[in-house]
1. Does segment 92-123 hold any residues that are touching a His at 6+ places or on another chain (Cβ under 7 Å) and in a strand (DSSP E or B), and which are they?
2. Which pairs do you get when a residue that is farther than 18 Å from Gln126 by Cα, found in segment 25-45, comes within reach of a residue that is among the basic types (Lys, Arg), reach meaning Cβ atoms under 8 angstrom, with the pair 6+ apart or on two chains?
3. When the residues of segment 78-105 are filtered to those that are of a type in the set (A, V, I, L, M) and touching a Cys at 6+ places or on another chain (Cβ under 9 Å), which remaining residue is farthest from Glu7 (Cα to Cα)?
4. Give segment 108-125 a look and list any residue that's touching a strand residue (DSSP E or B) at 6+ places or on another chain (Cβ under 7 Å) and in contact (Cβ under 8 Å) with a residue 60 or more places away in the chain, or say none.
5. Find the residue count for segment 14-46, including only residues that are part of a helix (DSSP H, G or I) and more than 25 Å from Ser59 (Cβ to Cβ).
6. Give just the number: which of (1) over 16 Å from Gln5 (Cβ atoms); (2) out of contact with any Lys or Arg (no Cβ under 6 Å at 6 or more places or on another chain); (3) of a type outside the set (Phe, Trp, Tyr); (4) in contact (Cβ under 8 Å) with a residue 12 or more places away in the chain does Asp140 not satisfy?
7. Testing Asp37 on (1) closer than 16 Å to Val134 by Cα; (2) of a type in the set (Asp, Glu); (3) within 16 Å of the chain's Cα centre (by Cα), one condition comes back false. Which one is that?
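Where a number appears in this text, it was derived from the coordinates with a stated rule and is not lab data. Since we're looking at a predicted model, the values are computed, not measured. We place every Cβ from the backbone using ideal geometry, glycine too, and count neighbours over all the protein chains shown.
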Amino acid sequence: MIRVQQEDFDVAEELRQMRAANPAIGALVSFVGLVRDLNEGNAISCMMLEHYPGMTEKSLLQIVVAAQQRWPLLAVRVVHRIGPLVPCDQIVLVAVACAHRGDAFAACEFIMDYLKTKAPFWKKEQTPAGSHWVDARETDGRAAARWEN
């Protein structure tokens, strides 16, 4: 399941729904991304997340399908927020259920690495010096590139 939304999400409820009535699940791995109060030494008071409706969901689905082709996934959930967010707010949930933990950890990391580099989201941070768009990080590109082999 993939959702892009302004509302916050309940991690425990999302995970409960994923594992409900599926005794084949032996591992459930999740990642929750949060808004930090600092980015590269600059204080962040607010971050605006924008996306391209329709295209964003399609991109997220392609990432999930690529993960499903690599690992035997039993369930996947990606919830990504948009709109204004403040420090400590949840931004994203990536959760993966598999029979075994190794596959679940790898697939969760793969999805998150690709989400950071291939999904059409744009971040604008508000700092004491004004607002600015956040550029992609080299470290995110390197993390995604390791899956290309």
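1. The answer is Val92, Phe121.
2. Ile25/Arg19; Gly26/Arg101; Ala27/Arg101; Leu28/Arg19; Val29/Arg101
3. Per the stated criteria, the residue is Ala104.
4. Cys108, Met112, Pro120, Phe121, Trp122, Lys123, Lys124, Glu125
5. 2
6. (2)
7. Tallying (1) closer than 16 Å to Val134 by Cα; (2) of a type in the set (Asp, Glu); (3) within 16 Å of the chain's Cα centre (by Cα), Asp37 fails exactly one: (3).
Residues checked against (1) of a type in the set (A, V, I, L, M); (2) without any contact (Cβ under 8 Å) to a residue 40 or more places away in the chain:
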position	(1), (2)
Ala75	yes, no
Val78	yes, no
Leu85	yes, no
Val94	yes, no
His100	no, no
Ala104	yes, no
Thr127	no, no
Gly130	no, yes
